[in-house]
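Structure, as structure tokens:
Nothing in this text is a laboratory measurement; each read-out follows from the coordinates by a stated rule. Predicted model, so just to flag it, every value in this text is computed and none were measured. A quick note on method: Cβ atoms are made from the backbone with ideal geometry, for glycine too, and the neighbour counts reach across all protein chains shown.
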Amino acid sequence: MSLAPHEFWQDIHPPETFPEDPVSGFRDLFPARLPDGRQIALPIRVLPGDGSRAVASLIVNQASFAVEDALADAMTQALRPLGADMVIGVPTLGLPLANAVARRLGHPRMVALGTSRKFWYDEGLSEPMSSITSPEQVKRLYLDPRMLPLLRDRRVAVVDDVVSSGASMRAVLSLLSKAGIEPVALGFAMLQTQRWQAVLQALDPALPGKVHGALRTPLLARRDDGSWAPAA
């Protein structure tokens with residue numbers, strides 16, 4: 001089965017709708033599996049370079065509401081047992097998910113980090129940040145100092161859409177560390193490859209164990225027949 005570009009991220013498919021056998025390889029889409037076995041079809045994006053590596057892509061603000069809800073449900077299920085009493089959302093695509101997760105946890109609000117500097121912000125509560133999808137754009141990530149009373153001495157969970165290289169989350173954790181905040185959990189809609197693990201491990205050996213994802217997708221390698229399979 002093949003999908004048009006606008007059809008990705010729109011439907012939640014029953015288990016085993018798409019083959020998941022890496023031996024057969026993948027062509028235009030990768031079937032990512034929710035914890036209950038249902039599948040979401042993700043487009044395969046070739047990474048910059050020699051064209052031999054690719055990843056499955058998830059753009060939450062292009063997804064249907066049903067898919068966004070399913071991701072938020074799975075993230076909430078993973079985070080609920082950890083007793084987080086405040087959710088921090090990471091811009092940009094992590095913010096709607098953080099909102100949805102906080103609501104499902106019964107919280108009255110969440111705290112949003114930002115990339116737009118307001119005049120009352122403290123530059124000391126900021127950190128440069130880049131991402132794998134926009135590596136040429138280096139932004140600054142800010143924590144509104146007025147939100148500190150909501151975060152100190154609280155069990156905080158950080159929510160974002162995707163963790164891939166780990167660069168964005170490293171910036172988030174560095175920023176929160178400046179404020180004396182150590183999250184109890186890091187929740188993501190998708191864990192994209194395993195490259196983030198070494199980055200978080202270098203920051204704190206305990207961090208990889210705090211990571212929870214609704215979906216997990218591998219780094220893909222191009223095969224001789226043009227299909228894709230999980231990289232060794």
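Can you give the convex hull volume per residue for the Cα atoms of region 38-122, as a whole number of Å³?
164
By other beta-carbon atoms within 10 Å, ranking Val138, Val87, Val199 with the fewest at the front produces Val138, Val199, Val87. Neighbours of Glu127 by Cβ distance under 13 Å: Lys/Arg scored +1, Asp/Glu scored -1, total +3.
Here the sum of -39500 (n - 2.57) over DSSP H runs of 4 or more residues, divided by the residues of the chain, equals -6500 deg cm²/dmol at 222 nm, to the nearest 500.
Comparing Ala157, Ala66, Ala54 in a Gaussian network model of the chain, where Cα atoms under 10 Å apart are tied by springs, the biggest mean-square fluctuation is seen for Ala66. Need one word for region 109-188: rounded, prolate or oblate. Basis is the Cα gyration tensor (sqrt eigenvalues a ≥ b ≥ c); a/c below 1.5 gives rounded, then a/b vs b/c decides. Taking the square roots of the gyration eigenvalues as a ≥ b ≥ c, region 109-188 is oblate. Could you pull out every one of the lysines with an alpha carbon less than 21 Å from that of Lys210, ignoring same-chain neighbours closer than 8 positions? Cross-link targets: Lys178. For the Cα atoms of the chain, what angle does the longest principal axis make with the long axis of helix 65-79, in degrees from 0 to 90, nearest 10? Approximately 60 degrees, to the nearest ten.
Mean-square fluctuations from a GNM of the chain, with a 10 angstrom spring cutoff on Cα atoms, peak among Arg146, Arg80, Arg104 at Arg146. Rounded to the nearest 10 degrees, the angle from helix 94-104 to the longest Cα principal axis of the chain is 80 degrees. If the viscosity is 0.692 mPa s and the temperature 37 °C, what translational diffusion coefficient in µm²/s does Stokes-Einstein give for region 1-158 when Rh comes from Kirkwood over Cα pairs? Value of D from the Cα-based Kirkwood radius: 183 µm²/s. Among Phe18, Phe8, Phe65, the order by Cβ neighbours within 10 angstrom, fewest to most, reads Phe65, Phe18, Phe8.
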